[in-house]
Structure formats: structure tokens, C-alpha cells
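Each reported figure results from applying straightforward, stated rules to the coordinates on display, with no laboratory input. Keep in mind it's a predicted model, so treat the numbers as computed, not measured. Here the Cβ positions follow ideal geometry from the backbone for every residue, glycine too, while neighbour counts run over all protein chains shown.
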2 protein chains.
Amino acid sequence: MKTIILIGANGKMGQAALSGLGKHKVITAGRSAADYDFQVDITSEESLRKLYKEVGHFDAVVNTVGVCEYANFTEMTEEQWMTTIMSKMMGQINLVRIGQEYIADKGSFTLITGILNTKPIPFAIADATTSGAIDTFVKCVAFEMPRGIRINSINPTVLEEAWDVYGEMMPGFEPVPGRLVGKAFERSVDGFITGQVLFVDAY
Amino acid sequence: MKTIILIGANGKMGQAALSGLGKHKVITAGRSAADYDFQVDITSEESLRKLYKEVGHFDAVVNTVGVCEYANFTEMTEEQWMTTIMSKMMGQINLVRIGQEYIADKGSFTLITGILNTKPIPFAIADATTSGAIDTFVKCVAFEMPRGIRINSINPTVLEEAWDVYGEMMPGFEPVPGRLVGKAFERSVDGFITGQVLFVDAY
């Protein structure tokens with residue numbers, strides 16, 4: 001049994017991840033202290049360091065959060081770009097950068113990206129670009145992780161559980177059940193793979 | 001004949017690009033006012049806007065610059081990450097974001113990335129990650145560029161002309177001549193392709 005820090009457990013993606021991590025001890029973390037075992041803001045280096053110190057021993061970090069701004073490219077401001085970059089991209093990089101100091105030997109990091117970097121749709125250029133950055137980061141940084149630490153990203157299409165919210169924006173997409181995405185998280189955490197982008201898509 | 005703004009013309013990559021743009025009117029821009037037709041700092045929105053306004057009519061923007069910091073991942077600071085992100089990534093995005101307001105109908109943007117996002121080497125994680133971001137950006141944003149404007153990125157391996165500087169860090173890599181990379185810039189500027197990453201590699 002591993003001790004896993006799951007960031008964003010109460011979100012739809014967090015619930016999907018949780019469905020694949022049932023055999024482990026899962027410590028939850030998120031923005032609101034009331035809803036989780038620990039409070040964390042991934043855009044703050046200090047907050048991340050505090051989380052890792054307070055948890056103590058852990059074998060895996062699974063992230064399911066990252067703020068993205070959505071707009072047409074010609075209308076997206078630098079501020080909207082930077083909000084997305086500082087959360088979904090730099091936030092996740094910092095989560096690994098700082099976390100590798102604290103995680104157990106042979107631990108693993110599992111980051112979250114999303115299918116829009118390979119299947120673009122309107123308004124999602126910042127989401128797509130930062131997903132591309134994190135998928136690339138994972139593929140390249142795996143070679144230099146110390147102490148047998150592994151790293152992967154999960155790149156899912158929209159969840160069935162979120163289709164009522166996003167379906168209208170995504171004509172021709174086919175959602176996948178959260179439990180299938182949970183399998184990808186499980187394969188990352190419990191497998192021996194590293195440097196992999198695990199796409200979960202219907203076609 | 002097109003009017004092309006070439007950013008970083010005096011660098012080795014700039015010279016490579018220039019070799020493919022000989023039939024056009026090339027306006028040069030770069031950090032030092034003394035060396036170029038126009039001064040520009042791609043990390044400054046103001047500086048970019050000033051450049052485009054001063055040049056007036058132009059049909060293409062070709063960028064060959066972007067600052068990257070190099071370090072082992074476990075030693076790279078957030079500041080080093082941000083320097084790289086703000087120049088190579090956000091700088092190039094801003095170059096397009098602001099430039100699309102000024103460029104001629106059916107104009108084109110050609111950005112620069114680099115082979116390390118598909119062939120990782122030590123110390124280059126920030127370079128690789130931001131190259132992955134820009135290659136993804138180009139592939140996705142092409143679908144929403146207005147007025148027939150095209151966008152591509154050139155993703156070359158190391159240049160023969162720079163092999164004396166970088167060769168030692170890149171065992172097993174085979175450099176390519178600048179004139180071959182120039183062909184890729186020419187194909188981007190003078191072709192009809194868009195949303196493409198033009199890899200220039202020896203194997």
C-alpha cells in the first residue's frame with residue numbers, strides 16, 4: 001500500500017483518479033482547507049513546500065488541477081495567458097521540482113493535461129499550449145529524475161461525468177467514463193512506466 | 001517580393017534563416033539598435049508593438065531568438081524557468097498575438113523551437129518544455145488565425161555553424177548545415193502550409 005497525495009480529489013477529474021487509487025492510502029489536498037486533508041495552492045512554491053513537509057512520508061503525488069483561461073486567440077490577453085501558464089504549467093512543474101526533494105525513493109508523480117493539444121477546439125489555445133508543454137516536460141524530465149522517481153501525465157478527453165458542462169463546446173468528441181481515466185492513473189502510479197503520456201480517448 | 005521582419009538576423013540561426021529569404025526584402029530587428037534596422041525585445045509587449053508600428057507594411061515575421069536557461073532539473077530555479085518561459089514561449093506567443101493586428105492579409109509567422117523536445121539532453125529541460133509548448137501552440141492556433149494568416153515553427157537540430165560550441169554537449173547528434181535550415185524557413189514563408197512544425201534533422 002502506497003501513500004498518495006491526491007490534489008483536487010473533489011473535482012470530477014479528482015474523482016476519476018480516486019476510482020483508480022482505491023487500494024492505497026490517499027491523502028487529499030486542494031485549495032479549500034475545509035474540503036481536504038491538506039490545503040494547497042499549486043501556484044505557490046511556499047504552499048507546495050508546506051504541504052510536502054506536513055504530509056511527511058509519501059510515495060506518489062497525483063495532480064488533477066490547473067486553472068486555464070479560455071478565449072479566442074486574438075482576444076486573449078497576456079494576463080489570461082499568464083494565469084494559465086502559472087497554474088497548469090509552472091504550477092505542475094513546481095509540484096515536481098519541489099516534490100522531488102521530499103518524495104520517497106522510487107516514488108511517482110502523475111500530472112494532468114488534456115486532449116485539446118492534439119484535438120484543438122475554439123477558445124482553448126492556452127489550455128492546449130500548456131498541455132503540450134507539460135506532456136513534453138514529462139517525456140523529457142523522466143530521464144533525469146533522481147532516486148528511481150517516475151513521472152507520467154494523463155491526457156484524457158472530456159469525462160462522461162462532465163459532458164453536460166463541456167459537451168456543447170466539443171462537437172464530435174466522445175466522452176469517456178471517469179473509471180477508465182482512473183485506470184490510467186492506476187497504471188501510472190502502480191506500473192513501472194515513466195516519461196509517458198497516457199492518452200485516454202474514445203477514438 | 002515580400003517584406004519580412006527577421007528577428008535576430010545576426011545570430012547563427014538568423015543567418016541560416018536569411019539564407020532562405022534572399023528573394024525578399026528583409027528588415028532586421030534585434031536587441032541592439034546598432035546592429036539591426038530596428039530594435040526589439042520580444043519579452044516586452046510595448047517593444048513588439050513599437051516595432052510593428054514603425055515598420056508599417058510587412059508580409060511575414062520570422063523569429064530566430066529566445067533566451068533559454070540551462071541547468072539540471074533538480075537545480076533549476078523558478079527564476080530560470082520563468083526567464084525561459086517569458087522569452088522563448090510567451091515572447092514568441094506575444095510576437096504572434098500582437099503581430100496579427102498589424103501583419104498584411106495572408107501574411108505568415110515563422111517561430112523557432114529546437115530538437116531537444118524530441119531528443120532530450122542534460123541541462124535542457126526548460127528549452128525542451130518551451131519548445132514543446134510553441135510547437136503545440138503553432139499546431140493549434142493555426143486554425144483560428146484571421147485573414148488567411150499562416151503560422152509554422154522551425155524545429156532544427158544543432159547547426160554545423162554552431163557545432164564547435166554545442167557539439168560536446170550533444171553526443172550522437174549530427175549537425176545540419178544552416179542552408180538546409182534556411183530551406184525550412186523558405187518553405188514556411190513562401191509555401192501555403194500552416195500549423196506545421198518543420199523538423200530539420202539529420203536522422
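Averaged over the residues of peptide A:140-148, the number of Cβ atoms from other protein chains lying within 10 Å of each residue's Cβ is 5. Each copy carries a label point for residue B:192 at 7 Å from Cα along the beta-carbon vector; from one copy to the others these points are 5.2 nm apart, nearest first. Take the Cα of residue A:78, go 7 Å toward its beta carbon, and the backbone nitrogen atoms of segment B:47-71 under 16 Å from that spot belong to B:47-53, B:67. Neighbour counts of C-beta atoms inside 10 Å place B:12, B:119, B:106 in the sequence B:106, B:119, B:12, starting with the fewest.
Need one number: convex hull volume per residue for segment A:68-203, Cα atoms only, in Å³. Each step should come with its number before you reach the end.
Values: hull volume 14.6 nm³, N = 136.
Considering the Cα atoms of segment A:68-203, their hull volume per residue is 107 Å³.
The calculated FRET efficiency for the pair residue A:67 and residue A:104, based on their C-beta separation and a Förster distance of 30 Å, comes to about 0.55. For chain B, adding -39500 (n - 2.57) for each run of n ≥ 4 DSSP H residues and dividing by the number of residues yields -10500 deg cm²/dmol at 222 nm. Give me the percent of DSSP beta bridges within segment A:1-157 that run antiparallel, rounded to the nearest 5. The antiparallel fraction comes to roughly 0 percent. Copy-to-copy label distances for residue A:77, where each label lies 7 Å from Cα along Cα-to-Cβ, are 3.0 nm in order of increasing length. Taking a straight line from the alpha carbon of residue A:53, these aspartates and glutamates sit under 20 Å away, with near neighbours fewer than eight places off in the same chain left out: A:35, A:37, A:41, A:45, A:101, A:105, B:75, B:78. Here each label is just a point 7 Å from Cα along the line to Cβ, and for residue A:57 and residue B:57 those points are 7.3 nm apart. Cross-link reach is defined here as a Cα-Cα straight distance under 26 Å, omitting same-chain residues fewer than 8 places apart; for residue B:12 the lysines meeting it are B:2, B:23, B:25, B:50, B:88, B:119, B:139, B:183. Projecting the Cα atoms of A:72, A:200, A:43 onto the dipole axis of segment A:3-200, where Lys and Arg carry +1 and Asp and Glu carry -1 at the beta carbon, places A:200 farthest toward the positive end.
Quick one: of the DSSP bridges fully inside the protein assembly as shown, what percent are antiparallel, nearest 5? Roughly 0 percent of the beta bridges in the protein assembly as shown run antiparallel, per DSSP. Relative protection proxy for A:140-153, B:58-71, from highest mean packing down: B:58-71, A:140-153 (other beta-carbon atoms within 10 angstrom).
Scaled against 2.2 N^0.38 Å for its residue count N, the alpha carbon radius of gyration of the protein assembly as shown is 1.00. Working from label points 7 Å from Cα in the Cα-to-Cβ sense, the residue B:166 to residue A:199 distance is 2.8 nm. Net charge of the neighbourhood of residue B:119, taken over other residues with C-beta under 13 Å away and scored Lys/Arg +1, Asp/Glu -1, is -2. Amide H contacts under 5 Å for residue B:200: B:155, B:157, restricted to partners 5 or more places along the chain or on a different chain, H placed in the peptide plane at 1.01 Å from N. Taking 0.36 nm per residue of sequence separation and removing the Cα-Cα distance, the residue A:37/residue A:49 pair yields an extension gain of 2.8 nm. Here the Karplus relation 6.51 cos²θ - 1.76 cosθ + 1.60, evaluated at θ = phi - 60°, turns the backbone of segment B:172-178 into coupling constants of x, 8, 10, x, 10, x, x Hz, with x for every Gly and Pro. A label point on residue B:104, set 7 Å along the Cα-to-Cβ line, lies at 6.4 nm from each of its counterparts in the other copies, closest listed first. With θ taken as phi - 60° and the Karplus curve 6.51 cos²θ - 1.76 cosθ + 1.60 applied, the whole-hertz 3J(HN,Hα) list for segment A:9-19 is 4, 7, x, 5, 6, x, 5, 4, 4, 4, 5 Hz, x standing for glycine and proline.
Mean partner shielding of peptide A:115-125, defined as the number of other chain Cβ atoms within 10 Å of each residue Cβ, is 3. Across segment B:131-144, computed HN-Hα scalar couplings (Karplus, 6.51 cos²θ - 1.76 cosθ + 1.60, θ = phi - 60°) run 5, x, 5, 6, 4, 5, 3, 4, 5, 8, 6, 3, 5, 10 Hz from first to last residue, x flagging Gly and Pro. Here the chain B residue lying nearest the rotation axis onto A, judged by its C-beta and given with the distance in whole angstrom, is B:133, 2. Taking Lys and Arg as +1 and Asp and Glu as -1, the other residues whose beta-carbon sits under 11 Å from that of residue B:53 total -1. For residue A:28, the residues 5 or more places off, or on other chains, whose built amide H falls under 5 Å of its own are A:6, A:37, A:38. Sequence-distant or interchain residues sharing an amide H contact under 5 Å with residue A:150, placed H: which? Residues meeting the criterion, in which the H sits 1.01 Å from N, are A:107, A:108, A:109.
Taking other C-beta atoms within 10 angstrom as a stand-in for reagent exposure, B:174, A:186, B:46 fall in the order B:46, B:174, A:186, fewest first.
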